[in-house]
1. Need the full-extension length gain, S36 to N223, defined as separation in residues times 0.36 nm minus the C-alpha distance. One decimal, nm.
2. Quote to one decimal, in nm, the extra length available between I213 and E57 on full extension: 0.36 nm per residue of separation minus the C-alpha distance between them.
3. When ranked by the protection proxy of mean other Cβ atoms within 10 Å per residue, highest first, what sequence do the peptides 148-157, 14-23 form?
4. So for each of 209-217, 57-65, 39-47 I average, over its residues, the number of other beta carbons within 10 Å; can you give me the resulting order with the highest mean first?
5. To the nearest 0.05, what FRET efficiency results for D101 and D178 with a Förster distance of 30 Å applied to their C-beta separation?
6. Using label points projected 7 Å from each Cα along Cα→Cβ, tell me how many nm separate E145 and Q12, to one decimal.
7. Going by average Cβ density within 10 Å per residue, which order do the peptides 105-115, 159-169 take, highest to lowest?
8. Which lysines does K84 reach when only Cα atoms under 19 Å apart count, and residues fewer than 8 places away in its own chain are ignored?
Amino acid sequence: MDHLLLDKTWKQLLAEEWSRPYMQELQSFLVREKASGKTIFPPDEHVFAALNLTPFEKVKVVIIGQDPYHGPDQAHGLSFSVQKGIKTPPSLNNIFKELQDDLKLSPPLHGNLQHWASQGVLLLNNVLTVESGRAASHSHQGWEEFTDQIIKLLNEKKRHLVFILWGSPAQKKAAQVDSQKHFILKSVHPSPLSSYRGFFGSKPFSKTNEYLISQGLAPISWNIP
């Protein structure tokens, strides 16, 4: 985890976090895990990919995930996204089904959401690392406080953001977002376990663009080339 590689503006905004006790403890935890021979995802150079691909000044939309995928070559630092050539996970498949229903876009041939990130969609996980094969293994080690601070900064320093909150963990994560300043879209999670209870038909993509346009902002091109 090399925060020196972090995008310049994010690095400035988050500068105080690196010296806080929780971050010192998190860094020590990650060093111990790697020293014991455990495989950690995503690779170091991708841990802060969401922030690097979507600089603070460009953020227009925030989609909050939980923790990175824990299978080989899946996680690359963007919530819900997988590398090209990797099988699309079930939740992402459901996101693509809703995208097709909402905007009549053909399902993409891969699950890499970098095209969204480059347009201002911050694909932020609650926890930024995970041990191979062990979902949620890095929960409650400090990442949650770090990503809480990111949400707080966005809420305070920006206006007219869209927060897309799928499932109760994401909704709890952004509970402090000011709905007078920002547009909040909530539904159940796109997981196969819950998607038929209100995710399908929620039309988050068209609603996001309608709001952005109403604020004089460019809409997101949701197609994935």
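1. Contour length minus the Cα-Cα distance gives 63.1 nm.
2. The span from I213 to E57 would gain 54.4 nm if fully extended.
3. Descending packing order for the listed peptides: 148-157, 14-23.
4. Going by the mean number of other Cβ atoms within 10 Å, highest first, we get 57-65, 39-47, 209-217.
5. Calculated value: 0.50.
6. 2.6 nm
7. Ranking, from highest mean packing down: 159-169, 105-115.
8. Excluding near neighbours in sequence, the set is K97.
No value in this document is a laboratory result; all are computed from the given coordinates. Quick caveat: nothing in here was measured; it's all calculated off a predicted structure. Here Cβ is always computed from backbone atoms with ideal geometry, including for glycine, and neighbour counts include all displayed protein chains.
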